[in-house]
Every structure is written in C-alpha cells, then in structure tokens.
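Peer 1: Handing you this structure, nothing more for now.
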Amino acid sequence: MKSLFKITLVLVIALSLSSCFDEDHRNYEYFPNMYEPIGYETYGAYDIFLNEQEAKLPVEGSIPRGWMPYSYEDNLDGYDKAKAELKNPLPYTEENVNEGQALFTLYCAICHGDKGNGKGTLVEREKILGVPSFDDAGRAITEGSVYHVMYYGLNTMGSYAAQTSEKERWQIDHHVMDLKAELEGGSKREFLTEEEADQFRNNNARYKRVFGNAFGNSIEQNFDKEKTVTKNDTTTK
Ligand code: HEC
C-alpha cells in the first residue's frame, strides 16, 4: 500500500512537470550566453572594438600571398641600383619568352614598336615623343632597369605594376632584352632545356624568394592559377 502511494506520487509529479512543457517556446536556460552568442556584423560599429570598428586592417607589414615587396626606391638612386644588381629570376624558357612577347605586344608595342626601336603606332602618329629604341647606347638598359621602369614608370611612360603580375613583368623583361640584342645585331639566345631551367630555379636565390614557398618548393607554375587552385595543391610533393 505504501509503495503504491509512492508510485502514484512519482507519476503525478512527472505528469505535472511534463504538462508544463511547451514545444513552441524555449525552455529554461541555465547559461544563456552559451546558447546565444553575440554575432558582430563584419563592417559594424561596436564600442568594444578599437575605433568602434569590427573589421580590422591587416597588421602593418602584412604581405598578400603571391606578392613580394619591391625594395628599390622610386628615385635615381633606386634606378641605378636596380640597373646594376637586379636580375631576372625567371628561367629563359620558350614558354616564358613567348608569354613575354605576347604581353609586350599588348602593353608596350603601341609606343615602343614590335621591334623595340621606339617607332610604335603612337609615335608614328606623333601622339607621343621621346620613346627610345632599346639599343640606345646612352641608356644601356639592363634586366634590372627594364623591370624598374615597368614597376614605377618613367616620365611620360606610366607604371605597369597594376596591370601586370611580377611574373608577367619578368616575362616581358626577357622579351625586351631579346629585342635589344636583335637591334644590336646580336645572335638569338638559346632557350634553356627543362633540365637547365630546373637547375636555374634551384640555384637562384631570388627565384626562390619570389616564386618559392616556405619549403623551398616552386610555385611558379601555380602562381597564376593560385586564386582558383586551393584543393589538390601539388606544390608540396
Ligand atoms: C605610352 C607610351 C609607352 C608605353 C605604352 C610604354 N612605354 Fe616605355 N617608354 C616610353 C617613353 C616616352 C620612354 C622614355 C621615358 C624617358 O626617359 O623620359 C620609355 C622608356 C622605356 C625604357 C627605357 C628606360 C630607361 O632606362 O631609360 C624601357 C626599357 C621601356 N620604356 C620599356 C617599356 C615596357 C617594357 C613597356 C610595356 C610594359 C613600355 N615601356 C610601355 C613610352 C612608353
């Protein structure tokens, strides 16, 4: 009799508790903060952040992936240094040179002419003056100086830093040096074989700095594709 009373009591309590349960409403929460995180809007303004700004600027000195700072300054001293020291980090392969020629036709030939003699369409039509020939002895251009003027521009010639990637500028550079040699009556350079190109990449510190990843592997091949290729990354094999 006593246990029947106990069982009934438990049943009544259980029933009365569950009868209060309302499926349409949230039940009692012990630690609501754990259920309800505070979500900040990406570009929202909130007191708790510095300058009330949720979106942060990159840390000073941050470098985007696939981009290297250019250490020569935009002045005569920088020009002279780049001219003397800076070398093309890309191997002289058929692919790089052909690509460079195509880009030259696109960006430079309108002024410099397909042969690099300074007689492009704009010059013929007298729209621009003072475009030099690449064999101009007074200028004596080098791989480094060509890159430097593409990066910063020079007087009436604009900068190509925004339109071209670092790799593209070095490809164009190979073609400009070819044009210079041709204008000077020199013979055409031989392309590197695949093996020689690999050797060049391995022995070239600047190539590794610009086109290598932290493990010293080449990312030149994926350099342009980088934005689309995120899975199946083959660079670490
Ligand atoms: C709008 C016409 C124009 C275009 C396009 C142009 N250039 Fe020039 N370029 C000039 C002029 C003008 C100069 C002479 C600038 C000066 O010395 O004042 C020059 C000078 C140069 C020089 C010699 C710089 C030196 O060291 O004295 C090189 C090398 C050169 N350009 C390469 C290029 C390359 C590569 C491209 C394409 C990426 C290009 N230019 C596109 C007009 C142009």
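All of the numbers you see were taken from the coordinates with simple rules; none came from a lab. Just so it is clear, the model here is predicted, and its values are computed rather than measured. Here the Cβ is made from the backbone with ideal geometry for all residues, glycine too, and neighbour counts use every protein chain on show.
Peer 1: Where residues in the stretch 116-156 are within 7 Å of the ligand (Cβ to nearest atom) and polar (S, T, N, Q), which of them is farthest from N75 (Cα to Cα)?
Peer 2: T156
Let's see how each residue does on (1) more than 24 Å from G185 (Cβ to Cβ); (2) surrounded by 13 or more Cβ atoms within 10 Å (Cβ to Cβ):
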{"site": "Y72", "(1), (2)": "yes, yes"}
{"site": "E94", "(1), (2)": "no, no"}
{"site": "Q101", "(1), (2)": "no, yes"}
{"site": "G118", "(1), (2)": "no, yes"}
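Every residue, every condition in (1) of a type in the set (D, E, K, R); (2) in a loop (DSSP other than H, G, I, E, B); (3) more than 22 Å from K81 (Cα to Cα), yes or no:
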residue	(1), (2), (3)
G130	no, yes, yes
D135	yes, yes, no
A140	no, yes, no
A161	no, yes, no
K180	yes, no, no
A197	no, no, yes
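Peer 1: Then there's this: Just to check your reading of the model, which residue among G113, G186 is crowded, with 17+ Cβ neighbours inside 10 Å, more than 9 Å from the ligand (Cβ to nearest atom) and more than 28 Å from the chain's Cα centre (by Cα)?
Peer 2: G113
Peer 1: Can I ask one more? Could you list, in sequence order, all residues of the stretch 94-107 that are within 22 Å of the chain's Cα centre (by Cα) and either in a loop (DSSP other than H, G, I, E, B) or within 11 Å of the ligand (Cβ to nearest atom) (or both)?
Peer 2: Residues satisfying the conditions are G100, L103, F104, L106, Y107.
Peer 1: Now for a different question. Could you list, ordered by first residue, the pairs with Cβ atoms under 7 Å in which the first is in the stretch 61-83 and closer than 22 Å to Y207 by Cβ and the second is more than 16 Å from the ligand (Cβ to nearest atom) and of a type outside the set (A, V, I, L, M), at least 6 apart or interchain?
Peer 2: From residues that are closer than 22 Å to Y207 by Cβ, the pairs are I63/P69; G66/F223; G66/E226; M68/R209.
Peer 1: Does any residue in the stretch 102-113 that is at positive phi come within less than 7 Å, Cβ to Cβ, of a residue that is aliphatic (A, V, I, L, M) and surrounded by 18 or more Cβ atoms within 10 Å (Cβ to Cβ) six or more places away or on a different chain, and which pairs are these?
Peer 2: none
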